[in-house]
Amino acid sequence: MNSTGSNIAADAFRRLHGAAPAGVWSAPGRVNLIGEHTDYNDGFVLPFAIPHRTWVAASPREDGVITLASVQDGQVEVAEPVRLAELEPGTAQGWVAYPAGVAWVLRQQGVGGGADLVVAGDVPRGAGLSSSHSLEVATALALLGLSGADPSKSDIAKWVQQAENDFVGAPTGLLDQTASLCCTDAHVLFLDVRSGRQEQVPFDAGAHGLEVLVIDTRVSHSLVESGYGERRRGCERAADVLGVASLRDAAGEEGLPDELRPLARHVITENERVLKTVELLKQERYAEIGPLLSASHASLRDDYRVSCVELDVAAEAAEKAGALGARMIGGGFGGSAIALVPRELRERVETGVAEAFAAQGFGSPRMFAAVPAAGAGRDV
Ligand code: GLA
């Protein structure tokens, strides 16, 4: 969809509302190179934006109503309009909850005008590539843009997190919305969630003869219903027992009850792996990050226990076919994995993964090579 995604949203807007939108805003999905389940533990993450985006064409309304429509494969789905003054958690269901949640939070920030919104996008849904956050971020930018407000990106990220936590009901951290807002072309974003410190680290796998292959298992996941919240609560309990503010500060697992040890172990070792990855990338030692990716997967599978059989098969098959490392990304329980693949082995890895999936009787995975793309912004 890419360069035409904005046109698709604007054209559908014109057809529905009889006039061009006041503007079109867009936000990307993301891949997290490494640093999983560390964000809500005040730790480190290293995402990059993917070229897949969500576009929101928008114009203001005077009546405090938000109308919503989405374009999917040329079909326009018009949702029930929502009245801003009546928005409360639980009042919007399905995909509408994401833009409605953002409008609800922004209303509390004094951004309370109504709007017509038409959404188009090509971020695969439920694939662990942050489709919901790209929708939330694009909606936030559209509503803020229409109101003329210009807050900082870190404020926008916090408001989007609030929409996700308190309105949608998914207890997620700051990784996805910050990635969508702050990532830049050709870089990974090294984010220290505790301090908010950001560093754009150049990331050009292609120059090293490598590709980051995304393997979408097509096992759809939900962060509202999965074990995500339980893991998060486990980490908070572990930090309490250790007497630290968050697991970011934990030096080891001693003193923890057996069931909390693996959670702490994952967070402590994953933060270390992020720091090592950043160091290796800065030294242009790209191939050496492979084992760190694989160690991250093993830790998420065995200690944090958020993988699933499809993600494990994807990572194993990719490595067996020549990937230098592979890991699940995002919340887990489905979604996508990534593999660091020498360019000349890309086809072999794709075939290896597809065959392993077929042998297990799984549906076909979707695969594409991801290159860091631009973050969110105004298109038109
Ligand atoms: C999801 C959440 C993020 C983060 C990851 C795991 O993507 O939205 O906040 O916790 O899972 O790293």
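Read the figures in this text as sums done on the coordinates, not as results from a lab. The structure presented is a predicted model; accordingly, all values stated were derived computationally and were not measured. Neighbour counts run over all protein chains shown; Cβ positions are idealised from the backbone, glycine included.
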Worksheet item: Is the shape of region 195-332 best called rounded, prolate or oblate, per the rule: a/c under 1.5 gives rounded, else a/b larger than b/c gives prolate, else oblate, with a ≥ b ≥ c the square roots of the Cα gyration tensor eigenvalues?
Response: oblate
Worksheet entry | Rounded tilt (10° steps) of 131-147 against the dominant C-alpha axis of the chain | 40
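Take the Cα radius of gyration of region 14-171 and divide it by 2.2 N^0.38 Å, with N its residue count; two decimals is plenty. Don't skip to the answer; put the middle values down first.
Numbers: Rg = 15.2 Å, N = 158, 2.2 N^0.38 = 15.1 Å.
Here the Cα radius of gyration is 1.01 times the empirical estimate.
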Worksheet item: For the pair residue 198 and residue 63, what calculated FRET efficiency results from E = 1/(1 + (r/R0)^6), where r is the Cβ-Cβ distance and R0 = 41 Å, to the nearest 0.05?
Response: 0.55
Fill in: 0 to 90° range, to nearest 10: angle between helix 153-162 axis and the chain longest Cα axis
90
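What does the charge add up to near residue 171, with Lys and Arg as +1, Asp and Glu as -1, over the other residues with Cβ less than 9 Å from its Cβ? Before the final figure, lay out each step's value.
Numbers: positive: 232, 233; negative: 164.
Here the charged neighbours net out to +1.
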Worksheet item: Any idea what the alpha-carbon Rg over 2.2 N^0.38 Å comes to for region 230-299?
Response: 1.25
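Region 49-102: D in µm²/s via Stokes-Einstein (Kirkwood Rh, Cα pairs, 10 °C, 1.306 mPa s)? Could you put the intermediate results ahead of the total?
Working: Rh = 12.7 Å.
Estimated diffusion coefficient is 125 µm²/s.
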Worksheet item: Just how far, in whole angstrom, is region 29-88 from region 287-319 if you go by their alpha carbon centroids?
Response: 28
Discussion item. For a quick size check, give me the Cα extents of the chain along its three principal axes, largest first, whole Å.
Written reply: 57, 50, 40
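For region 204-370, what's the relative contact order in percent, using C-alpha pairs closer than 8 Å and at least 6 residues apart?
Once normalised by length, the contact order is 32 percent.
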Response to the item:
Neighbours of residue 256 by Cβ distance under 12 Å: Lys/Arg at +1, Asp/Glu at -1, summed charge -2
